[in-house]
Structure formats: structure tokens, C-alpha cells
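Colleague: Got a structure for you, written out below as C-alpha cells; questions coming shortly.
The values are calculated or read from the model by the stated rules, or taken from the named source; none is laboratory data. Note that the structure is predicted; figures quoted are calculated from it, not measured. Note that each Cβ is placed from the backbone with ideal geometry, even for glycine, and that neighbours are counted across all protein chains shown. Areas reflect the complete protein model, heavy atoms only, side chains present, ligands, DNA and RNA absent. Shrake-Rupley method; radii C 1.70, N 1.55, O 1.52, S 1.80 Å.
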Amino acid sequence: MKKAIYPGSFDPLTLGHMDIIERSAKIVDELVVGVLNNSAKNSLFSLDERVSMIKEMTDSIPNVTVASFDGLLVDYMKEIDATIIIRGLRAVTDFEYELQIAQTNHVENPDVETIFLTTSLQYSYLSSTIVKEFASYGGDLSKFVPQRFIERIYAKYNIKK
Ligand code: PNS
């Protein structure tokens with residue numbers, strides 16, 4: 001039984017995240033999308049909003065669940081009995097940071113392994129930060145996030161389309 005976690009801030013969930021969720025759900029038996037409750041980070045969407053948005057998009061994938069966590073990822077993984085971390089790698093710029101986190105987590109708990117999926121080419125430029133920047137100027141989000149989130153994202157910037 002291979003139980004994995006795909007951790008992140010998901011503020012908001014992008015099509016790039018969805019791509020990683022769909023592909024990794026085919027590799028592992030059970031996938032938990034773990035939304036970080038990071039009170040220090042000024043997030044656009046509340047923790048509850050982010051969790052429910054991901055639930056809306058993953059409801060139809062039978063081996064995917066969504067949960068929030070705070071504190072260290074390795075501690076939460078012990079709690080839920082998961083041993084695999086899934087992360088997406090977009091470009092070489094992601095690599096150093098991701099390598100550091102993966103190695104730290106592995107030192108903390110040698111049973112924990114990180115699997116990196118390279119993002120699909122069409123999403124290699126995409127990040128939640130870019131989505132927010134683009135949205136704040138009323139840019140077209142249809143290629144970046146699930147259609148049903150577009151209005152909700154604009155609403156955060158008081159933009160009506
Ligand atoms: O989507 P993000 O913001 O790049 O995700 C980062 C995340 C949530 C994977 C990372 O910040 C994390 O795991 N935070 C929890 C604290 C922790 O365990 N840090 C890693 C060891 S330094």
C-alpha cells in the first residue's frame with residue numbers, strides 16, 4: 001500500500017497542480033493533497049477555501065483525499081502513515097530548493113522518499129504567484145486555473161468580468 005502526500009500552499013490550485021495530482025494518483029495507491037496552514041504567509045484564499053477548492057476538483061478521483069496540516073511535513077506524514085512526498089519540478093530554478101527540502105525530510109525520517117514529477121510542458125512556466133500577479137491586473141486566467149475558479153480569484157481583487 002503506497003500512501004503519498006502532495007504538499008503545498010495551493011493558493012490557488014492551478015492547472016499545473018491538477019496535472020501533478022492526476023498523474024501521481026496513477027502511480028500511488030492513495031494520495032493525500034496536503035494544504036499547508038501557514039499563518040505567517042499572507043494567503044489570498046483562506047485555508048478552508050483552498051481545501052474545498054481542491055476537493056471540488058478531485059472529488060471524481062477515487063484514491064485522492066484533501067487535508068490541511070501545520071507544523072513539519074514529516075510529522076504529519078507519520079500521523080497519516082504516508083511515506084512518499086510528491087513534488088512537481090518545473091525548471092532547474094526549482095531544483096536547489098526542492099533538493100534541500102527533500103534531503104532534510106529524508107534525514108528527519110529515512111523512511112520518507114520524495115518523488116519528483118516533471119511538470120507537463122504546457123505548465124512549465126506556471127505558479128500560483130504568477131496567477132495572482134496576472135489576476136490582479138485582470139489578465140485572462142483561462143489557461144492557468146480551472147475555469148470554475150476564475151470568478152472567485154477575480155473577486156479577491158474586486159474585479160468583475
Ligand atoms: O507550494 P509550496 O509553498 O512551495 O509548498 C512548500 C511546502 C508546503 C512543501 C513546504 O513549505 C513544507 O513542507 N512546509 C512544512 C514545514 C516543513 O516540513 N518544511 C520542510 C523542512 S525544512
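Colleague: Which of the lysines could a cross-linker span from LYS132 if the Cα-Cα distance has to be under 26 Å and same-chain partners fewer than 8 positions apart are dropped?
Modeller: LYS41, LYS55, LYS143, LYS156, LYS160, LYS161
Colleague: Right, next: Please determine, in degrees from 0 to 90 and to the nearest 10, the orientation of helix 47-58 with respect to the longest principal axis defined by the Cα atoms of the chain, where the helix direction is its Cα long axis.
Modeller: 80
Colleague: Would you mind classifying segment 90-161 by shape? Square roots of the alpha carbon gyration tensor eigenvalues, ordered a ≥ b ≥ c; an a/c under 1.5 is rounded, otherwise it is prolate if a/b is larger than b/c and oblate if not.
Modeller: Verdict is prolate for segment 90-161.
Colleague: So, one more: By accessible area of protein heavy atoms, probe 1.4 Å, what ranking do LEU99, LEU73 get, highest first?
Modeller: LEU99, LEU73
Colleague: Between SER120, SER128, SER24, which gets the highest mean-square fluctuation from a Gaussian network model of the chain, Cα cutoff 10 Å?
Modeller: Answer for the Gaussian network model of the chain: SER120.
Colleague: Moving to a separate point now. Counting helices only, and only those DSSP H runs with n ≥ 4, report the 222 nm mean residue ellipticity of the chain as the sum of -39,500 (n - 2.57) divided by its residues, in deg cm²/dmol to the nearest 500.
Modeller: Taken over the chain, the calculation gives -12000 deg cm²/dmol.
Colleague: For the pair THR93 and GLU56, what calculated FRET efficiency results from E = 1/(1 + (r/R0)^6), where r is the Cβ-Cβ distance and R0 = 25 Å, to the nearest 0.05?
Modeller: Efficiency, rounded to the nearest 0.05: 0.25.
Colleague: Continuing with the same structure: Could you work out the local net charge near ASP11, counting Lys and Arg as +1, Asp and Glu as -1, over the other residues with Cβ closer than 10 Å to its Cβ?
Modeller: That works out to +2.
Colleague: Sorted by mean Cβ packing within 10 Å, highest first, what order do the peptides 31-41, 105-115 take?
Modeller: Going from most to least packed, we get 31-41, 105-115.
Colleague: Work out from phi, with θ = phi - 60° and the Karplus expression 6.51 cos²θ - 1.76 cosθ + 1.60, the ³J(HN,Hα) of each residue of segment 113-120, listed in order in whole Hz, and give x for Gly and Pro.
Modeller: 10, 9, 10, 9, 9, 6, 5, 4
Colleague: Over segment 40-145, what percent of the accessible surface lies on carbon and sulfur atoms, probe 1.4 Å?
Modeller: Here carbon and sulfur together make up 54 percent of the probe-accessible area.
Colleague: Pull up all non-local amide H partners of SER9: gap of 5 or more, or a different chain, and H-to-H distance under 5 Å with H placed in the peptide plane.
Modeller: HN-HN under 5 Å from SER9: LEU36.
Colleague: I would also like to ask the following. Place a label point 7 angstrom from the Cα of ASP111 along the Cα-to-Cβ direction, then list the residues of segment 61-105 whose backbone nitrogen is under 11 Å away.
Modeller: 77-84
Colleague: For labels at TYR125 and GLU49 in the simple 7 Å Cα→Cβ model, what's the distance in nm?
Modeller: If labels sit at TYR125 and GLU49, their model points lie 2.6 nm apart.
Colleague: Compute the acute angle (0 to 90°) between the alpha-carbon long axis of helix 92-108 and the principal axis of greatest extent of the alpha-carbon atoms of the chain; round to the nearest 10°.
Modeller: Roughly 40 degrees, rounded to the nearest 10.
Colleague: In addition: Please work out the average accessible area per residue across segment 3-124, using the 1.4 Å probe convention, and give it in Å².
Modeller: For segment 3-124, the solvent-accessible area averages 52 Å² per residue.
Colleague: Let me ask something else about it. With point charges of +1 on the Cβ of Lys and Arg and -1 on the Cβ of Asp and Glu, referenced to the Cα centre of segment 88-161, which listed residue (LEU99, ILE159, LEU117) lies farthest in the positive direction of the dipole?
Modeller: It is ILE159, whose Cα lies furthest towards the positive end.
Colleague: Same structure, new question: Considering only DSSP beta bridges whose two residues both sit in segment 3-106, what percent are antiparallel, to the nearest 5?
Modeller: Once the DSSP bridges in segment 3-106 are tallied, antiparallel ones form about 0 percent.
Colleague: Rounded if a/c is under 1.5, else prolate if a/b beats b/c, else oblate: with a ≥ b ≥ c from the C-alpha gyration tensor eigenvalues square-rooted, which is segment 3-124?
Modeller: rounded
Colleague: Sticking with this one: How large is the charge dipole for segment 3-124, taken about the Cα centre, if only the Cβ atoms of Lys, Arg (+1) and Asp, Glu (-1) carry charge, to the nearest 20 debye?
Modeller: That gives a dipole near 260 debye.
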